[in-house]
Amino acid sequence: MQKTIGVLTAMSVEYRQVAAMLQDTETVSSGPQEFLVGRVGESKVILLQCGIGKTNSASGVTNLIMTFRPDCIISSGVAGGIDAKLDVMDVVIGKEVCYHDVYCGEECDPGQVQGLPKFFNGNEDLLAVATNLETDVHIVPGLICTGDQFITSRDEMDAIKEKYPEGLAVDMESAAIAQVCHLWNVPFLSFRIISDTPGVKAHFEQYLNFWDTMADKSFAVTKEFLSKI
């Protein structure tokens, strides 16, 4: 049976990487969003560039779910690494995702939206596929922390790491997408490529160098993952 996979990227550079993987594509508009519908292997893929941040990603994934009823949702893109064991080009798989910038009062844990889990778990079946890919790219399952901030300084990174010592990567979309998928009961996994390490010397140059020299190889892992689901 053919699977329908929803894929969200935040930025155009990420979108172009994933769009190049698709065959037999057509464009479908729904509300304010435009989706690219195509195929990877035997699977139907619905690709959306949702835009940066929690509101854009939550709006985009809700529309995708309501319009296309996918079997699962994948968040694909880049993230900043916040753990010393990670290098640029490594891939972090969201075994768990959380918010690093949410506080709903003393009755909730930091990062927890009232009435919802503090941590959203990645789907176990998707996680198993991702962690068993045969690739020379380093793949690490772990915690991705999300907030509406582009982290650039060592102080910002250290503050997140202090709250979430087990955190591996930081982005601006994964937890918002995970929250919507939790509410709709749609299997979800965040698949994030480390593009830079916030706070290091020449941080922005590191990020630009990733797109100039490393992105194609890193995103090839995403294609392999989609073909195996």
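The values are calculated or read from the model by the stated rules, or taken from the named source; none is laboratory data. Note that this is a predicted model, so its numbers are computed, not measured. Counting neighbours? That spans all protein chains shown, and the Cβs are built from the backbone with ideal geometry, glycine included.
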Residue, farthest from Y99 (Cα to Cα), within the range 140-162, restricted to residues that are in contact with a Ser or Thr (Cβ under 6 Å, 6 or more places away or on another chain) and not hydroxyl-bearing (S, T, Y)
P141
Tally the residues that are outside any loop (DSSP other than H, G, I, E, B), surrounded by fewer than 20 Cβ atoms within 10 Å (Cβ to Cβ) and of a type in the set (D, E, K, R), restricting the search to the range 51-89.
0
Does I46 qualify as being touching a Pro at 6+ places or on another chain (Cβ under 7 Å), touching a residue at least 12 places away in the same chain (Cβ under 8 Å) and not in a helix (DSSP H, G or I)?
yes
Could you list all residues from the range 1-33 that are under 16 Å from I65 (Cβ atoms) and assigned to a strand (DSSP E or B)?
T4, I5, G6, V7, L8, V28, S30, Q33
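Assess whether L48 counts as being at pLDDT 95 or above, under 19 Å from the mean Cα position of the chain (by Cα) and closer than 25 Å to A169 by Cα.
yes
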Output for Cβ contacts, cut-off 9 Å, separation at least six or different chains, first residue closer than 16 Å to N185 by Cα and touching a residue at least 24 places away in the same chain (Cβ under 8 Å) in the range 103-132, second crowded, with 16+ Cβ neighbours inside 10 Å and charged (D, E, K, R), reads F119/E96; F120/E96; N121/K95; N121/E96; G122/K95; G122/E96
Spans of strands (runs of 3 or more DSSP E) in the range 90-177 with at least 3 residues surrounded by 13 or more Cβ atoms within 10 Å (Cβ to Cβ), of a type outside the set (A, V, I, L, M) and modelled with pLDDT of 95 or more
91-99, 139-146
Is it the case that some residue within the range 8-23 is touching a strand residue (DSSP E or B) at 6+ places or on another chain (Cβ under 6 Å), surrounded by fewer than 19 Cβ atoms within 10 Å (Cβ to Cβ), polar (S, T, N, Q) and modelled with pLDDT of 95 or more?
yes
With among the hydroxyl-bearing types (S, T, Y) and within 16 Å of F191 (Cα to Cα) as the only criterion, which of T135, T62, T152 stands out?
T135
